[in-house]
Amino acid sequence: MPKTKRPESLMIQAVKNNDLKKVTALLKHTTSVNDTDRDGRTALWWAIHLKSGEISELLVANGGELERSWLQIETGQNTLAEVIKNRGVSDLNRCKLFILTGAGISAESGIPTFRSPNGLWNHPDSQRIATHSHFVKSRKSVINLHVKLKKLMKEKVPNQAHFALAALEQQWLGDLLVVTQNVDNLHFKAGSLKVPKLHGCLSEKRCEACGRVSQWTTEDLDSAPCSKCMRSTPHRPNTVLFGEESHQHEMALRAAAECELFIAIGTSGMVAPAFSLVGLANNAHKIEINTEETEVSGLFDEKIQGQAHIEVPKLMKLLGVRI
Ligand SMILES: [Zn+2]
């Protein structure tokens, strides 16, 4: 008699095949991933490692869990500060740390948040113009909008939160990924060298033929042929327009799912993919730093209410970073 496949191997096979339809069908027969799939964690790991953001989000939404990290167990009912007080920082500064920064950190450097009443995208027509479909129809208007935003951001300088994160990058002993949703280059100006920009950067342009990213220094995007492929194909702003996918999305999802400590700074959590990043970090102790309660505050273990330029250096010092 042929052996019947166990439910978990069906799930893992479906994930390996990147078969969203099959995964959804398997989930319909259960209330959570772990009911159907006794090794739901494995399915989730496959989804993450096979770079299937859609499937990993589906598995998380249906109760898929990764192993609890030691920090998550230690923090339990305690704050991070209490854990550090009890056992010191030496174990902690080797843990996998993921940090997401959003508009709030740049707002304290004078850059209006995109969705605030005076925000960039609230300028008449900005939301309509900064879209992929509009770019296809009318490159010029999208480029003009970028030129305007670039000017607005040119003179802005980083604040103490950006500098504290640059110090962290130099000193942290464990895995670290700081990613930003911001299109300014304030992390870079503060000295950070490795901060992927989920939504691209206003000061960069990209060759549409070979994908080479370079600094956009003149108003004219196509002042010279691409220095890599030498073609005179047009360049485009290296930002992620509404309706486009972030190239950094999958990498950020994997790092968030694997981290032990997750810190979100100044992000409302409503801009994609911030929401899915918090949801995936379910084996991490999660801290939110924001001036106000957000739509996703409930997903965090600790909330620090305050301004980033004050609270971020304080938290970094607590983690043993010399500022
Ligand atoms: Zn090129």
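Some points to look at:
- Phi angles across the range 143-160 convert, under the Karplus curve 6.51 cos²θ - 1.76 cosθ + 1.60 with θ = phi - 60°, into 3J(HN,Hα) values of 5, 4, 4, 5, 4, 5, 5, 4, 4, 4, 8, 3, 8, 6, 10, x, 10, 4 Hz, Gly and Pro given as x.
- Whole-Hz ³J(HN,Hα) from phi, Karplus 6.51 cos²θ - 1.76 cosθ + 1.60, for the range 211-223, glycine and proline x: x, 5, 9, 9, 6, 9, 9, 9, 5, 7, 5, 10, 5
- With Cα atoms defining each centre, the range 196-215 and the range 276-311 are spaced 29 Å apart in the structure.
- With all protein chains in place and ligands, DNA and RNA left out, the 1.4 Å accessible area ranks ARG212, ARG236 as ARG212, ARG236, largest first.
- Ranked by the mean number of other Cβ atoms within 10 Å of their residues, highest first, the peptides 316-322, 164-170 come out as 164-170, 316-322.
- Three-way shape label, the range 259-323, alpha-carbon gyration tensor, a/c 1.5: oblate
The values are calculated or read from the model by the stated rules, or taken from the named source; none is laboratory data. Values in this document were obtained by computation on a predicted structure and should not be read as measured data. So basically every Cβ, Gly included, is an ideal-geometry build from the backbone, and we count neighbours across all protein chains shown. Keep in mind that these areas ignore ligands, DNA and RNA; they rest on the heavy atoms of the full protein, side chains included. Shrake-Rupley method; radii C 1.70, N 1.55, O 1.52, S 1.80 Å.
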